[in-house]
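Below is one structure, written out as structure tokens, with a few remarks after it.
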Amino acid sequence: MSKIDLYRGDRLEVKDDKKQHIVCFSGGHSSAIVAIEVVRKYGKENVILLNHDISSNVENADIKRFKNEVANYLSIEITYANMKGFEENDQFDVCIKAKAFKVSHDRVICTSRLKTEPFTKYLNKHQQDKNCIIYYGFDKREDNRINRRTVIMEKMGYQTEYPLSSFSVGIKNTTEIGINPPMTYSHFRHANCTGCIKGGSQHWYIVFCTRKDLWEKGKEAERIIKHSIIKNNFLIHLECKFKLMQELEIEPTEHIAHQTFWANVRKKIRDTKLEELASYDKECLCT
């Protein structure tokens, strides 16, 4: 498919537009669609794809492949705003150094160190005149995130837009331009770090099944910090249940609604009459 097909017609005319259009280019599918839409409207010469690179230990190689293919398709070099030493420090290392996973209900240490702080430093250095619009990949179902981000950025003096929420986009899926989304979507709903500190038990069951090294690193981080990643559940307490679920061939996926997923797990465990082995509230002794 040619690039002109991507634009679904003529580019919108933007008279005297001297603003820079900064796409928060996370490596996820939604941010890629936003990047394509913003280029369609304003042209590549006015667009910045801003990314925070994450350690290859936790950011899947196929996410990095996806970012590069989209950027190459748009003929825009990715602009990186990275934490110093990001390759040697994943989310667990960052949290261990800070001796905490979170500083409040919403503020996660690793997000702040790996993304928010480098983002703010980039804006302070390169966008001091604030003559730019910052784009996010939040959609119509994420009103709370949109409202929160809008308020935060307005206080900093920046304008934001959310193309997936506010207007119709040219394409719905990058496969339309010959680029496959990251393979991580086969298990996860997002292209976040594997072993996400904000992830719940369903996310961590996938980690248990697919990345035992990160499961062990998460357990060690909890031991050092003396706090659980998942609210009220240390990973070590979940091992027996997750091992049993794996033996029962429970599919590790986030593509089943949380309530339905765990209802199905409970039913399957009841059917095997092995409820006691799957207790959440006691330390796993299976080893």
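The values are calculated or read from the model by the stated rules, or taken from the named source; none is laboratory data. Keep in mind it's a predicted model, so treat the numbers as computed, not measured. We place every Cβ from the backbone using ideal geometry, glycine too, and count neighbours over all the protein chains shown. Surface accessibility is based on the protein's heavy atoms, side chains included, excluding ligands, DNA and RNA. Shrake-Rupley method; radii C 1.70, N 1.55, O 1.52, S 1.80 Å.
Here are the numbers for this structure:
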item: Count of segment 217-257 residues which are over 22 Å from THR184 (Cα atoms), open to solvent by less than 40 Å² (accessible area, probe 1.4 Å) and not in a helix (DSSP H, G or I); result: 3
item: Residue count for segment 85-109, restricted to those that are in a helix (DSSP H, G or I) and exposed (fewer than 14 other Cβ atoms within 10 Å of the Cβ); result: 3
item: Residue match in segment 110-131 (condition: out of contact with any Cys (no Cβ under 9 Å at 6 or more places or on another chain), open to solvent by less than 40 Å² (accessible area, probe 1.4 Å), not in a helix (DSSP H, G or I) and not polar (S, T, N, Q)); result: no
item: Residue among TYR185, TYR162, TYR158 that is of a type in the set (Ser, Thr, Tyr) and in contact with a Leu (Cβ under 8 Å, 6 or more places away or on another chain); result: TYR158
item: Only one of ASP5, ASP10, ASP16 that is farther than 30 Å from LYS212 by Cβ, modelled with pLDDT under 95, open to solvent by 60 Å² or more (accessible area, probe 1.4 Å) and in a helix (DSSP H, G or I); result: ASP5
item: Boolean, PHE138 is on the phi < 0 side of the Ramachandran plot, assigned to a loop (DSSP other than H, G, I, E, B) and open to solvent by less than 60 Å² (accessible area, probe 1.4 Å); result: yes
item: Any pair with Cβ under 7 angstrom, 6 or more apart, that starts in segment 158-175 at a residue that is part of a loop (DSSP other than H, G, I, E, B) and ends at one that is at pLDDT below 90; result: GLY170/LEU6; GLY170/TYR7; GLY170/ARG8; ILE171/LEU6
item: Qualifying positions in segment 49-70 - touching a residue at least 40 places away in the same chain (Cβ under 8 Å), open to solvent by less than 40 Å² (accessible area, probe 1.4 Å) and not in a loop (DSSP other than H, G, I, E, B); result: LEU50, ASP62, ILE63, PHE66, LYS67, VAL70
item: Residue in segment 26-42 that is farthest from PRO182 (Cα to Cα), counting only those that are out of contact with any Lys or Arg (no Cβ under 7 Å at 6 or more places or on another chain) and not in a helix (DSSP H, G or I); result: SER26
item: Count of residues meeting criterion [under 19 Å from SER55 (Cβ atoms) and acidic (Asp, Glu)] in segment 75-109; result: 4
item: LEU214 vs. criteria in a helix (DSSP H, G or I), free of Cβ contacts under 8 Å to residues at least 40 places away in the same chain and surrounded by 14 or more Cβ atoms within 10 Å (Cβ to Cβ); result: no
item: Members of segment 76-103 found to be within 19 Å of the chain's Cα centre (by Cα) and over 24 Å from LYS217 (Cβ atoms), listed by number; result: ILE78, THR79, TYR80, ALA81
item: Residue ID - farthest from ASN264 (Cα to Cα), chosen from residues in segment 145-203 that are basic (Lys, Arg) and surrounded by fewer than 14 Cβ atoms within 10 Å (Cβ to Cβ); result: LYS155
item: Cβ pairs under 8 Å, 6+ apart, first in segment 109-125 and in contact (Cβ under 8 Å) with a residue 40 or more places away in the chain and within 18 Å of LYS155 (Cα to Cα), second open to solvent by 60 Å² or more (accessible area, probe 1.4 Å) and of a type in the set (Phe, Trp, Tyr); result: none
